[in-house]
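Worksheet for the structure shown next.
Only the coordinates and a few stated rules stand behind these numbers; no lab work does. Model, not experiment: these values are computed from the prediction. In this analysis, Cβ positions are derived from the backbone assuming ideal geometry, glycine residues included, and neighbour counts consider all displayed protein chains.
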Amino acid sequence: MTRLRTVLLVCALLFTASGCELAAPGQTEGEEKVTILGTWTGRQGEQFEALLESFDIPYEYQGTAAQREVLLSQVQAGEPPDIVIMPGIGELAEYAYQRRLKRLDGLGVYNKGEYGPPWQPSGKGAGPVHWVPLRADLKSIVWHRKDTEPTKSPQPLASWCIGMGDDGPSGWPGTDWIEDLVLQDSGPKAYERWVRGDLEWTSPEVRDAWLAWGSLLAQDAHLAKTALTADHRGPDNGNGLLFGKGNCTLEHQGSFAPFFYGDRANEATFMDSAQLLPGGPYEKVKAHEVTGDFAALFSDSTQARKLLGRLASQSGQQEWVDLARVFSANNKVRPRSGDVEGEVAERLTSPDTPRCLDASDVMPPAVRDAFHEATLLTLTRYSQGRGRESVKGILEDVQLVQKNQAKNQFAPTDVCSTPQ
């Protein structure tokens, strides 16, 4: 008689009100599940769980848009997840500084040679490794319909699809605009100094980027107000902002945008943002802004290390890419076939052009939150026709928040890679 039939017979004979639980497939009795907290929900959450199922390691995944609050409550209760996956390495740096995260270097969890900078720290100020990217995305790009390629010059506000709304923290689409403008106008060295807290928010490099974005918003107060309230994923028709009901034709959005375009995703393509940004055109792309979802260990259990090792491995990353049309920072992984996928992957791993991590993701949480709020306040002021005179005060407020951050609260990592 098989083990399963034996267990069923015992359950039937000893049935009580509490019932009898069977171990999940691939899980022996008493085997602990690896708990994972991430941000992926809906279809993306389902795809991630499908990947986890293939590893045959017992797990329990929780996806939430309120990840910061959920994680904080779990840590304070003394029950953090075994693995957390989040874009905010500035937040992970805080937990690492509190010695709550396990060091990954030396554990054999990942092959460092497969993850170049800035995905892994490699020099100046870089300390122990506490996280590894499980998914990567490209920014500094603009999406448009394949049949309507824009002219390579700054575009009017009416052409842009902009939405600040989200389930969780809002304002991040606005920070992407500011970050890209700082990067393309002032270059990666100034960008990195700003991210690390060595360049003030009131400096010409940051102020000029803010004013350039403001010059775009000032073109139409009504459109600025619409951008403030619109959901960045678009209306409920499933086709995102670019294929929504409006007349916009351009979207400054990361390589994850096709997830929002639904069945019209194949009608979209992208180009580098530098020539289209306000205040430009910036003829040469000085760097590509990138973002990622980084995994860290709160637990040093064997099963947690094993599962994270599978997720970060070349084979695990390849399976993830093939399954869900995501992108990987692992330089050994092949992108899915397609012109768009190949171009994104090339920019994510090429040594020819610097890559800089999303600034707000690297900043300490308090500074990041102030940055988000500042972009929303800027949009609000411009929608009321009184934006430009407010910029100085808005930047001074963010600078005050940054001033109160100790230097050890900034993530010890390379913000930008250096071209070879």
**OP:** Determine the shape class of segment 335-420: with a ≥ b ≥ c the square roots of the Cα gyration tensor eigenvalues, call it rounded for a/c under 1.5, and otherwise prolate if a/b is greater than b/c, oblate otherwise.
**Re:** oblate
Original post:
What are the ³J(HN,Hα) values, in whole Hz, obtained from phi via the Karplus relation 6.51 cos²θ - 1.76 cosθ + 1.60 with θ = phi - 60°, for each residue of segment 385-397 in sequence order, with x given for Gly and Pro?
Top reply: x, 9, x, 4, 5, 8, 4, 4, x, 4, 5, 5, 5
**OP:** Express in whole angstrom the spacing between the alpha-carbon centres of segment 257-317 and segment 56-132.
**Re:** 17 Å
Subject >> Folded to 0 to 90 degrees: helix 365-383 orientation relative to the chain principal axis, Cα >> reply: 40 degrees
Original post:
Counting other C-beta atoms within 10 Å, which of F243, F259 has the fewest, and how do the rest follow?
Top reply: F259, F243
**OP:** For the chain, find the longest principal axis of its Cα atoms and tell me its angle to the long axis of helix 172-195, 0 to 90°, nearest 10.
**Re:** 80 degrees
**OP:** Lys and Arg at +1, Asp and Glu at -1: add these up for the other residues within a Cβ distance under 9 Å of D166 and post the number.
**Re:** -1
Original post:
Label point 7 Å out from D166 along Cα-to-Cβ: which residues of segment 226-251 have amide N under 12 Å?
Top reply: 232-233
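Over all distinct Cα pairs, what is the inverse of the mean 1/r for segment 245-295, reported as the Kirkwood hydrodynamic radius in Å?
Hydrodynamic radius (Kirkwood, Cα pairs) of segment 245-295 is 13.2 Å.
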**OP:** Count charges around R145 for me, please; just the other residues with Cβ under 13 Å from its Cβ, Lys/Arg as +1, Asp/Glu as -1.
**Re:** -2
Original post:
Summing Lys, Arg as +1 and Asp, Glu as -1, what charge do residues with Cβ under 9 Å from the Cβ of G292 carry, G292 excluded?
Top reply: -3
Original post:
By per-residue mean of other Cβ atoms within 10 Å, what is the highest-first order of 367-376, 217-226?
Top reply: 367-376, 217-226
Subject >> Inter-centroid distance (Cα atoms) of segment 217-239 relative to segment 347-420, Å >> reply: 22 Å
**OP:** Among L71, L211, L307, rank each residue by its count of other Cβ atoms within 10 Å, from fewest to most, as a rough exposure measure.
**Re:** L211, L71, L307
**OP:** Report the calculated FRET efficiency for Q314 and S215 (r = Cβ-Cβ distance, R0 = 45 Å), to the nearest 0.05.
**Re:** 0.50
Original post:
How big is the shadow of the Cα convex hull of the chain, averaged over all directions, in nm²?
Top reply: 22.9 nm²
Subject >> Mean shadow area of segment 76-196 over all directions, Cα convex hull, nm² >> reply: 11.2 nm²
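Set the Förster radius R0 to 51 Å, insert the Cβ-Cβ distance between R99 and D147 as r into 1/(1 + (r/R0)^6), and round the FRET efficiency to 0.05. List each step's numbers first, then the result.
Working: r = 55 Å, r/R0 = 1.07.
After rounding, the FRET efficiency stands at 0.40.
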**OP:** List, in order, the whole-Hz ³J(HN,Hα) value for each residue of segment 88-94 obtained from phi through the Karplus relation with A = 6.51, B = -1.76, C = 1.60 and θ = phi - 60°; use x for Gly and Pro.
**Re:** x, 6, x, 6, 4, 4, 5
Subject >> Between helix 314-324 and the chain: long-axis angle, C-alpha atoms, 0 to 90°, nearest 10 >> reply: 70 degrees
**OP:** For segment 28-116, just say rounded, prolate or oblate: build the C-alpha gyration tensor, square-root its eigenvalues into a ≥ b ≥ c, call rounded for a/c under 1.5, and beyond that prolate if a/b exceeds b/c, oblate if not.
**Re:** rounded
